[in-house]
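The values are calculated or read from the model by the stated rules, or taken from the named source; none is laboratory data. Owing to the predicted nature of the structure, the values given are computational and were not obtained by experimental measurement. Counting neighbours? That spans all protein chains shown, and the Cβs are built from the backbone with ideal geometry, glycine included. Please note that ligands, DNA and RNA were not included when accessible areas were found on the heavy atoms of the full protein model with its side chains. Shrake-Rupley method; radii C 1.70, N 1.55, O 1.52, S 1.80 Å.
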Amino acid sequence: MSQATPSNISHTGDDAAQPESKFQLRRRMRAARRALDTNQQRVTGQAIVNRLSRHPALCGAKHIGLYWPMDGEVDVRGLVQRHPHKRFYLPVLPHAPHPQLRFVHWRGQALTYRNRFQIPEPVHGVSHPPARLDLVLMPLVAFDPSGARLGMGAGFYDRTFWIQRLLPGAGPRLLGIAHQLQCVEFLPTDSWDIPLHGVVTEQHSYHCR
């Protein structure tokens, strides 16, 4: 498994430039990943599925949180067919007053229901407590090698795994999935942001904590 080094990290501009706000970075990175054509997306997804299949975090996991790719996110749903002996779960958005995501068992079947963000969700299936998952594969908009993650801004994953702020060893391992172009040298964080244990791209596997 290759490990990232400083030379692998892309820079967002020259040192004299003003740092981007989260809003600016989110807009730029979303546009960059949407600009990738279908073949680039397919090749990247397959490369990451191959890399994940050798990753110790996935090899040692039985209950794995997955996601449905949208907006140019890397598609790693092929893991379900690659690892039929493991159990995969898709996130389901919370309803008030519950702030946390639910994770529902998914066997790879087509989904017809879409949530308020138009992301497909399983309507029926067995839920698994988030804290008892072994591994969660998380989409992201940008990341840095320390494990800082920029998401879409809704904070669902941060609220779901907030216990890791109090007890760093609690809950599942959190592994970000991204295109290499989404890596930045430094990403500012807020007090509520939950850091990733690692990130996997088509080029590197980053170990963060």
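A compact table of results
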item	result
Residue in the range 151-170 that is out of contact with any Leu (no Cβ under 9 Å at 6 or more places or on another chain), buried (at least 19 other Cβ atoms within 10 Å of the Cβ) and in contact (Cβ under 8 Å) with a residue 60 or more places away in the chain present	no
Check on residue 82, touching a His at 6+ places or on another chain (Cβ under 7 Å) and charged (D, E, K, R)	no
The range 102-117: number of residues that are open to solvent by 100 Å² or more (accessible area, probe 1.4 Å) and within 21 Å of the chain's Cα centre (by Cα)	5
From the options 71, 75, 37, residue that is within 16 Å of the chain's Cα centre (by Cα) and either free of Cβ contacts under 8 Å to residues at least 12 places away in the same chain or on the phi > 0 side of the Ramachandran plot (or both)	71
Index of the failed condition, residue 135 passing every other in (1) open to solvent by 80 Å² or more (accessible area, probe 1.4 Å); (2) among the hydrophobic types (A, V, I, L, M, F, W, C); (3) touching a strand residue (DSSP E or B) at 6+ places or on another chain (Cβ under 6 Å)	(1)
Residues (over 24 Å from residue 158 (Cβ atoms) and of a type outside the set (D, E, K, R)) located in the range 80-93	80, 81, 83, 84, 85
Contacts under 9 angstrom Cβ, first residue in the range 53-68 being outside any loop (DSSP other than H, G, I, E, B), partner aromatic (Phe, Trp, Tyr), 6 or more apart	63/88; 63/89; 63/103; 64/88; 64/89; 65/88; 65/89; 65/103
Filter pass, residue 99 being modelled with pLDDT under 95 and open to solvent by 10 Å² or more (accessible area, probe 1.4 Å)	yes
The range 26-63 - residue that is farther than 16 Å from residue 199 by Cβ and hydrophobic (A, V, I, L, M, F, W, C) and, of those, least open to solvent (accessible area, probe 1.4 Å)	61
